[in-house]
Amino acid sequence: MRVLLAALAALFFCSAALADTLVDNVNGYTIDRQGKLVRFGAMVIGDDGRVRQLYGRGERRAERTQFRIDGRGRTLIPGLIDSHGHVMGLGFNAIQLDLSDTRSLAEAQAKIAAYAAANPSPRWIIGRGWNQETWRLGRFPTAADIDKVVADRPVWLERVDGHAGWANSAAMKEAGVTSASKSPAGGRIEMAGRQPSGVFVDAASQLVEKAVPAPLPVVRDRAFQQSQEILLSNGITAAADMGTSSEDWMVIRRAADAGQLKVRILSYAGGVDTLIAVAGTQPTPWLYDSKLRMVGVKLYSDGALGSRGAWLKQPYKDAAGEKGLGFLTDATLRNLMSRAAMDGFQVAVHAIGDAANAQLLEAIEELAGTYKGDRRWRVEHAQIVDTADLPRFARNGIIASMQPVHQSSDWRMAEARMGMARLGGAYAWRSMIANGVPLAFGSDFPVESPNPFAGLAVAITREDTQGQPAGGWIPEQKLSLTQALDGFTRGAAYASFAEDRLGTLDRGAYADFIFVDRDIFAATPQQLRETQVLETYLAGRKVWQRR
């Protein structure tokens, strides 16, 4: 009997080893679970898609594996995690009118006209990406600006940050917007004299959006597939989807049921009602081999800096008397956060302006006394923080979920909006780390490109694509590349309660990894920014390859 058991055991262990895959001959980097940068030359992946072992360069490899992938000396790093994005928004942006590359109002008008001519249906023209700051327009665009090129069809275009919309006269007419329309709480109708100008900020956007036809399920499915393709091509293997709707959740489930879910989605419902409708009384379990989970809720405290919707303690420097938009009263914010927290959901709240961040910190400090344990309250963006409030992030297990590329896009605008004297706590990544605050990095796609290498380059330089300002904007907030990579891997996983399986290539973690075309730790900042993903793997299986 002992001989038989020994033979069976030997057969079992041999079969297990034979099911492993050796990824060999690589220039590998990962951040381990303790935050240390680890280099390796080979990796063994089990048939469960998890890392079995890392081998140093020159270290003897396992002798028996069924499969071997020759890395050909290429650089291998963990799949990157975008801790703040909008998955369906990215997909819709890819199949609708995209104005994000326009550099003037005239360019935008030409692109709107060309799109209308090429797409006679559907009747509504929907798009996003405009930015009056990039155009150096000195004002918001107007309905008349669109009417000059498209007057016979309704047009609705979201600003690049999603916090304002631009309509033509036909769209406002169909939506019933008139001179008698009033700005709702948490929103603002931009006016031209006594008439709506065509731009609707934050909650006011609903006045037009209610008239926009909902996309068909087949269109939603196509948008999701486009989004996955874009993310995988940028080396993103997991994304925190901030503001998942019930419809979005069903799109993702349909893709997963068809075996077409290739990116891990860490879902944060777009409001408490959606949270309860989808997840019920607790975060969902990990679904589809850890590819989907609804972990919490996304709330909004204010708007964005570009549309002057970010809620500030003092008026905007370039708009006398305006302090932006606080979306929720103190009581309402606490009630919504409490409703989610009581059932163990994680709470993530958008806060850009210093007043919004202060309001949220106060709410967390009050609720932390009631909701004990590991809550990981998430502050999304934390862009403009009063320096007096920075130490408060270190209390109560708060996560600072930040987007490096926002700094490189916004620095000129931030100076114009507020003045340097009020920006000591702006995009303060190093201060967060110095205070012991966990950082999670992302891009806020499609507000910005999902390319994480641009984010890594900004994090270490504080410079934009033109290398400005030379030496970096508020350079004392620069990070090392190891710290920046940690924010896009281990830190991002921790921010979504996924550190037990994602964010590293340590033993037991899923083998989500990418091959890139250069050694990112030997690259200049410009070379880092230009990094190309060659192949993307999820749980040891190739899901994307550059052609």
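Here are the numbers:
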item: Normalised contact order of the stretch 257-341, rounded percent, pairs of Cα under 8 Å and 6 or more residues apart; result: 24 percent
item: Along the chain, longest interval not containing exposed GluC sites (Glu not before Pro), exposed being DSSP loop plus at most 15 other Cβ atoms within 10 Å; result: 64-321
item: Sparsely packed trypsin sites (Lys or Arg not before Pro) within the stretch 367-473, loop by DSSP, other Cβ within 10 Å at most 10; result: Lys372
item: Shape call, the stretch 304-453: gyration tensor on alpha carbons, a/c limit 1.5; result: prolate
item: q = 0.06 Å⁻¹, the chain: log10 I(q)/I(0) [Debye, one scatterer per Cα]; result: -0.30
item: The chain: relative contact order in percent, alpha carbon pairs under 8 Å with at least 6 residues between; result: 17 percent
item: Loop trypsin sites (Lys or Arg not before Pro), the stretch 72-137 (other Cβ atoms within 10 Å of the site Cβ: 12 or fewer; DSSP); result: Arg72, Arg103, Arg123, Arg136
item: Note, ³J(HN,Hα) from phi for the stretch 76-86, Karplus 6.51, -1.76, 1.60, rounded to Hz, x at Gly and Pro; result: 10, 9, x, x, 8, 10, 8, 7, 7, x, 10
item: Span-rule helices in the chain, defined as complete DSSP H runs reaching 18 Å or more along the axis (Cα) with Kyte mean at least -0.5; result: 2-18, 105-118, 217-233, 354-367
item: Gyration tensor (Cα) of the stretch 254-393, equivalent ellipsoid semi-axes in angstrom; result: 31, 18, 13
item: Kirkwood-type radius of the stretch 61-198, with distances r between different C-alpha atoms, in Å; result: 17.7 Å
item: Trypsin sites (Lys or Arg not before Pro) within the stretch 165-236, DSSP loop, no more than 15 other Cβ atoms inside 10 Å; result: Lys182, Arg194, Lys210
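Values in this text are rule-based calculations from the coordinates and carry no lab data. Note that the structure is a prediction, hence the values are computed from the model and not measured. In this analysis, Cβ positions are derived from the backbone assuming ideal geometry, glycine residues included, and neighbour counts consider all displayed protein chains.
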